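Worksheet: one structure, shown below.
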Amino acid sequence: MGKILIAPSMLSGDFGRLGEDAARMERAGADWLHLDVMDGQFVPNITFGAPVIRALRAHTTLFFDVHLMIDRPERYLEDFFAAGADLITMHVESTQPQHIAPALAKIRAAGKKAALGVKPGTPVACVVPWLPQLDMVLVMTVEPGFGGQAFMADMLPKVAALRAQGFAGIVQVDGGISGTTIAAAAAAGADCFVAGSAVFGADDPAQAIAALRQNAA
Ligand code: DX5
Ligand code: ZN
């Protein structure tokens, strides 16, 4: 398990001033910026795509953690490389299995970090075949699609199972992470924490990020 990483999710930002919010998160001490791309197909919500991420690149030097919640994400990888993504997470449920290994190889060949995500209904065994090709596994702790949902503590055995398998990469949890839920996720073996409402809903985002970091330690 590596350094604790706090990744505010721009899904909870102000979509009319995402650039300012990105810069604000950098000043507040965020480690990564989490960017939720949704297509209205893989999930029932639509957010933004590569052009918006490219525009944000001018506002911050933060590491761009791009969470693709789109069908057949392998079609769009080059667009996200060009937009300045540093890490790309594809959902294991979002394409046919034979497309996954080539897509992960392509991400790494572009010099980016590669990750697979699992929805709450997907067992972690589904990503095990690709673990050697992964820098990170994302364990969703809510159904993907919306911010502000309740944390699903029953997902934490998946985090522990990944560590029990010997996975030494980053394990990210996403959904419902707060000052109270983060401790159990960290204890299970997670080291990267996405937080939307807990950071953007706070009066002082810097204090919220510091509190998350402290409670994960
Ligand atoms: C949900 C997204 C999350 C979301 C988390 O599909 O993947 O990144 O922004 O929001 P909170 O922290 O409010 O649950
Ligand atoms: Zn996300």
(request) Filter the stretch 189-207 down to the residues that are part of a helix (DSSP H, G or I) and open to solvent by less than 20 Å² (accessible area, probe 1.4 Å), then identify the one that is nearest to ligand 2 (Cβ to nearest atom). (result) VAL199
(message) Return the pair list, or none, for Cβ contacts closer than 8 Å from residues in the stretch 75-104 that are of a type in the set (Val, Ile, Thr) to residues that are open to solvent by less than 20 Å² (accessible area, probe 1.4 Å) and part of a helix (DSSP H, G or I), at least 6 apart or on different chains.
(response) ILE88/PRO73; ILE88/LEU77; ILE88/PHE80; ILE88/ILE107; VAL92/ILE100; VAL92/VAL127; THR95/PRO73; THR95/ALA103
(message) Going by what's in this entry, would CYS126 be described as farther than 25 Å from ASP21 by Cα and either within 16 Å of ligand 2 (Cβ to nearest atom) or open to solvent by 10 Å² or more (accessible area, probe 1.4 Å) (or both)?
(response) yes
(request) Scan the stretch 47-84 for residues that are over 23 Å from ALA103 (Cα atoms), in contact with a strand residue (DSSP E or B) (Cβ under 9 Å, 6 or more places away or on another chain) and outside any loop (DSSP other than H, G, I, E, B) and report the count. (result) 1
(request) Output the residues belonging to the stretch 138-168 that are under 14 Å from the mean Cα position of the chain (by Cα) and either modelled with pLDDT under 95 or not hydroxyl-bearing (Ser, Thr, Tyr) (or both). (result) LEU138, VAL139, MET140, VAL142, GLU143, PRO144, GLY145, PHE146, GLY147
(message) ASP36 - would you say it is within 14 Å of ligand 2 (Cβ to nearest atom), outside any loop (DSSP other than H, G, I, E, B) and crowded, with 18+ Cβ neighbours inside 10 Å?
(response) yes
(request) Would you be able to say whether some residue in the stretch 151-161 is out of contact with any Pro (no Cβ under 6 Å at 6 or more places or on another chain) and either of a type in the set (D, E, K, R) or closer than 14 Å to HIS34 by Cα (or both)? (result) yes
(request) Could you check how many residues of the stretch 130-140 are farther than 16 Å from LEU68 by Cα and either aromatic (Phe, Trp, Tyr) or touching a residue at least 24 places away in the same chain (Cβ under 8 Å) (or both)? (result) 3
(message) Suppose the filter is surrounded by 15 or more Cβ atoms within 10 Å (Cβ to Cβ) and within 16 Å of ligand 1 (Cβ to nearest atom); does GLY169 pass it?
(response) no
(request) Among the residues of the stretch 49-85, count how many are farther than 23 Å from PRO129 by Cα and either among the charged types (D, E, K, R) or exposed (fewer than 15 other Cβ atoms within 10 Å of the Cβ) (or both). (result) 8
(request) Give the residues of the stretch 129-152 that are open to solvent by 10 Å² or more (accessible area, probe 1.4 Å), within 16 Å of ligand 1 (Cβ to nearest atom) and of a type outside the set (A, V, I, L, M), sorted by residue number. (result) GLU143, PRO144, PHE146, GLY147, GLY148, GLN149, PHE151
(request) Considering every residue within the stretch 147-164, establish whether at least one is within 22 Å of PHE63 (Cα to Cα) and in contact (Cβ under 8 Å) with a residue 60 or more places away in the chain. (result) yes
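The values are calculated or read from the model by the stated rules, or taken from the named source; none is laboratory data. Note that the structure is a prediction, hence the values are computed from the model and not measured. FYI the Cβ positions are ideal-geometry reconstructions off the backbone, even for glycines, and counts take in every protein chain you see. Quick note on the areas: whole protein, heavy atoms, side chains included, nothing else; ligands and nucleic acids left out. Shrake-Rupley method; radii C 1.70, N 1.55, O 1.52, S 1.80 Å.
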